[in-house]
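Since the structure comes first, as structure tokens, the remarks are kept for the end.
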Amino acid sequence: MRGILIVVLAAVLLGAGAFGFYRCEGSPPSVETPTSLAVGREPKTASLVVSDEGSGLRDIVVSLQTPAGEKPLAARELPGGWLGGSGVARETIDVPLDAKAIGLADGQVTLRVVARDWSWRTLTGGGRTVVETPVTIDTKPPRVSVENTQTYLQRGGSGLAVYRVSDDSTRDGVMVGDLYFRGHPFPGEADGRRLAFFAIPQDAPADPAIRVVAEDAAGNRAQVGWATHFKERRFPDVKLDLGPQFLENKVTELASARGIDATDRVAAFQRINSAGRAEDEKKIRELTSKSAEEKLWNGAFEQLRNSKVTSQFAEKRSYFVEGQQVSQATHYGFDLATTLTSPVTASNAGRVVFADDLGIYGGCVIVDHGYDLFTLYGHLSRIDVKAGDAVSKGQPIGLSGATGLAGGDHLHFATLLDGVYVDPVEWWDPKWIREKVDALLVTAPASPAVAAEPGGPAAVSAPAPARTR
Ligand SMILES: [Zn+2]
């Protein structure tokens, strides 16, 4: 009898001991926070993930340690008990960080997260984790001043802005409506002078807002406009008849290359000209998303020698089969015809970023000229360069042809800025290059025409903000 009692007692003690050991689990909660945070003028939310694999989370307290004392930000208590824990292994807390509402001055503060679990490890407090994250409070946007005076722009055209930003700027450039064109350091100067080429897309809204923007690490944004003059333009409407031979030969060839069923030639053409074209344009945007941070070109770009223009920039094309309209598209380049399989030359110096087949553009070469400016050569029957090659102005890069979506032998020539097609006519014009580009790229700093106080509207008489580094 006594023996049985001892065995039972031993079993109970052993069980309690095992349970106690289990409930004294040794891993306190873990807290995931960014390594550092920056809070600007606009309120933001920091998402913190707190987890505990053992007994579960008990409570979480988030506060800011500031020179003026501790400011509570968020607190959460999770239901549970010392015997069963809480069963909550993971909790996300969105902590509002609003410098103005909290009453924080610019400077450094510390975000502190204290999380506890239901472990018996420390009988008074449970497993406890404290994580501190440095937070920079910065409500002042970068300073921006624009050096351009009058800038004349047209729909489908290009522009160049020269400006200065203070050192705290982490991202700056030109906004045209909602489109962002990145800025680059001004050549030979390291004092905050920057430049950005930008495009007025052929389908931009009427007289789009154009301004230089600068953002800092805390997300504060300054923007400054200047005197721009916008010229409206209309692009031609062109009707194209697709003959039986084109449908038979070209559409069959292009459909098989894309794995499209070509039983219905017209339906296959529609797919190539819409979804296929969109895929090709996406690839071109990717290929032109990185550019040399220097001007590789020199002087005006060259139109292919002895070529005849057969189609212009931003033509609105309607495609017809037997009198019925079947598709439409915008033509983003110039079609230049010479003789069959004639040499195609680089229109200016640069570096080849692509030299291969590219869907509707057939045999295609894309050249980076630096500062986000690219030229594209399509429908080539032969390619004589490869990606990575440096090319000089006038250097042969291949032979013209009718590969891709082309009805006959010609060169499709296009110009892009930061992935947006622009009219090559300006880039072919020595006077435009001289007056609109080279005149702004002189190294002697000009006095700013417009300057702005942080975040405020453009102020004409404000002094140029100095950049010290
Ligand atoms: Zn074309």
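The values are calculated or read from the model by the stated rules, or taken from the named source; none is laboratory data. Because the structure is predicted, anything quoted here is derived from the model rather than measured. All Cβ positions, even for glycine, are placed from backbone atoms using ideal geometry, and neighbour counts span all protein chains on display.
Descriptive notes on the structure:
- Search result, residues across region 378-397 that are assigned to a strand (DSSP E or B), away from the ligand (no atom under 13 Å from the Cβ) and within 22 Å of F313 (Cβ to Cβ): I397
- Within region 428-443, the presence of at least one residue that is at pLDDT below 95 and farther than 29 Å from P201 by Cβ is confirmed.
- Matching entry among P201, P205 (being of a type outside the set (A, V, I, L, M) and modelled with pLDDT of 95 or more): P201
- The lone exception for G156 - which of (1) small (G, A, S); (2) over 24 Å from the mean Cα position of the chain (by Cα); (3) part of a loop (DSSP other than H, G, I, E, B) it fails: (2)
- Scanning region 147-171 for residues that are among the hydroxyl-bearing types (S, T, Y) and without any contact (Cβ under 8 Å) to a residue 60 or more places away in the chain returns S169, T170.
- Subset of region 287-336 (residues that are in contact with a Pro (Cβ under 6 Å, 6 or more places away or on another chain) and over 24 Å from F246 (Cβ atoms)): A300
- Meets criteria (hydrophobic (A, V, I, L, M, F, W, C) and free of Cβ contacts under 8 Å to residues at least 40 places away in the same chain) for V174: yes
- Listed by position, the strands (runs of 3 or more DSSP E) inside region 26-112 whose residues that are within 18 Å of A218 (Cβ to Cβ) and in contact (Cβ under 8 Å) with a residue 40 or more places away in the chain number at least 3 are 37-39, 44-51, 90-97.
- Filtered residue count, region 159-205, keeping only those that are outside any strand (DSSP E or B), out of contact with any Asp or Glu (no Cβ under 6 Å at 6 or more places or on another chain) and over 25 Å from W428 (Cα atoms): 10
- Residue tally, condition surrounded by fewer than 19 Cβ atoms within 10 Å (Cβ to Cβ), more than 10 Å from the ligand (Cβ to nearest atom) and assigned to a loop (DSSP other than H, G, I, E, B), over region 304-331: 4
- Considering (1) in a loop (DSSP other than H, G, I, E, B); (2) modelled with pLDDT of 95 or more; (3) of a type outside the set (F, W, Y), the lone condition that A278 does not fulfil carries the number (1).
- Residues considered: T375, T403. Of these, the only one that is within 16 Å of the ligand (Cβ to nearest atom) and either more than 20 Å from V309 (Cα to Cα) or assigned to a loop (DSSP other than H, G, I, E, B) (or both) is T403.
- Subset of region 66-80 that is under 37 Å from the mean Cα position of the chain (by Cα) and surrounded by fewer than 15 Cβ atoms within 10 Å (Cβ to Cβ) - its residue that is farthest from G107 (Cα to Cα): A75
- Exactly one residue out of L376, L358, L340 is at pLDDT below 95 and of a type outside the set (V, I, T), and it is L340.
- Residue match in region 338-348 (condition: surrounded by 19 or more Cβ atoms within 10 Å (Cβ to Cβ), among the small types (G, A, S) and within 13 Å of the ligand (Cβ to nearest atom)): no
- Residue in region 411-418 that is farther than 24 Å from E253 by Cα, touching a residue at least 60 places away in the same chain (Cβ under 8 Å), in a loop (DSSP other than H, G, I, E, B) and not β-branched (V, I, T) present: yes
- Tally of residues being part of a loop (DSSP other than H, G, I, E, B) and either modelled with pLDDT of 95 or more or not small (G, A, S) (or both) across region 233-275: 9
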